[in-house]
Amino acid sequence: MSDPLGGGTRTEVRRVGDHVVRAHHRPPSPYAHPTLELLGARGWGGAPRLVAAGPPEELTFLAGAVPPRGPVPAWARTSDALRALGRLVRELHDLTAGTELVGDAETMCHNDLSPANTVYRPTTLLPYAFVDWDLAAPGTRVADLGHAAWQWLDLGPRADVTAARRGLRSLLDGYGSDLGAREVVAAAARWQRETASGIEDGAATDPTLAALNAAGVPADCRAAAGWTDAHLAELSAPDVLR
Ligand SMILES: Nc1ncnc2c1ncn2[C@@H]1O[C@H](COP(=O)(O)OP(=O)(O)O)[C@@H](O)[C@H]1O
Ligand SMILES: [Mg+2]
């Protein structure tokens, strides 16, 4: 028996027993499978195991709760959940930094950290794993954190700036380093702009991107980037100024 798991943008994802089978519309990054193999060899529980490279790709199924696409549920934005998220991202970056796979880069980035790619324990509602490693590539710690900040805190005109600042603080507390909030917020704005251009550039050849383009997503992303730039100082203000 197999159950569809709501894939669609880049993949068709089905659960088959203890595994998931992912059929790609676009090939995964050349780093995706080596990263899963490396993390598996390290015994990390924060990613599925690669069972078969495919195509189609087969992975272990990670049981738990994955927030649906759309507005981030409040339970995934608590300070505890954001701290645990920061810890999980830190584990990924520390496990891959300095390995042959990342070459001269700082670390391996997931590059698509978002609630819909994160599995939470139903008992604690804390995150314990990331799925959808298709965009993994060497990069910087700040880049992954900027993407996560955008996605979990919904940086943009809909956000409450005080709640977003507190959320960012929890995320970075969990990550546990002196990485500057300012750099992370600037990285979030870069992702927002790159996503807008990426959708526009790909719309001519990719039906999914064409649909996003027609729905006005690039304009929304640019509006979000403008908001993020305008609130950079407030979002990254140190605790003492709260
Ligand atoms: N290994 C896995 N274990 C459990 N659930 C998974 C796994 N891989 C994917 N999923 C579920 O399937 C959904 C879609 O898969 P994903 O790999 O993110 O594809 P896409 O983003 O291209 O739609 C995820 O949001 C998640 O709910
Ligand atoms: Mg996904």
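The values are calculated or read from the model by the stated rules, or taken from the named source; none is laboratory data. Predicted model, so just to flag it, every value in this text is computed and none were measured. Cβ atoms come from the backbone with ideal geometry, glycine included; neighbour counts cover every protein chain shown.
In a residue-by-residue description of region 108-116, the property of being away from ligand 1 (no atom under 16 Å from the Cβ) and surrounded by fewer than 21 Cβ atoms within 10 Å (Cβ to Cβ) applies to no position.
Inspect region 34-44 for any residue being in a loop (DSSP other than H, G, I, E, B) and closer than 23 Å to L209 by Cα and give the result as yes or no. So far as region 34-44 goes, no, none of its residues is in a loop (DSSP other than H, G, I, E, B) and closer than 23 Å to L209 by Cα.
Only one of the numbered conditions (1) more than 16 Å from the chain's Cα centre (by Cα); (2) surrounded by fewer than 19 Cβ atoms within 10 Å (Cβ to Cβ) is not met by A65, and that is (1). What number of residues in region 87-137 are away from ligand 2 (no atom under 16 Å from the Cβ) and hydroxyl-bearing (S, T, Y)? Here the count works out to 6. Filtering R158, R190, R141, R169 for residues that are among the basic types (K, R) and in contact with a strand residue (DSSP E or B) (Cβ under 7 Å, 6 or more places away or on another chain) leaves a single hit, R141. Have a look at A84, A74, A65 and point out the one that is within 16 Å of ligand 2 (Cβ to nearest atom), among the aliphatic types (A, V, I, L, M) and either touching a Cys at 6+ places or on another chain (Cβ under 8 Å) or modelled with pLDDT of 95 or more (or both). Exactly one residue qualifies, and that residue is A65. Does T96 qualify as being among the β-branched types (V, I, T), surrounded by fewer than 20 Cβ atoms within 10 Å (Cβ to Cβ) and more than 16 Å from ligand 1 (Cβ to nearest atom)? No; evaluated as a whole, the condition is false for this residue.
Scanning region 127-143 for residues that are under 20 Å from G174 (Cβ atoms) and within 16 Å of ligand 1 (Cβ to nearest atom) yields P127, Y128, A129, F130, V131. Would you check if W227 is in a helix (DSSP H, G or I) and under 20 Å from F130 (Cβ atoms)? No, not satisfied.
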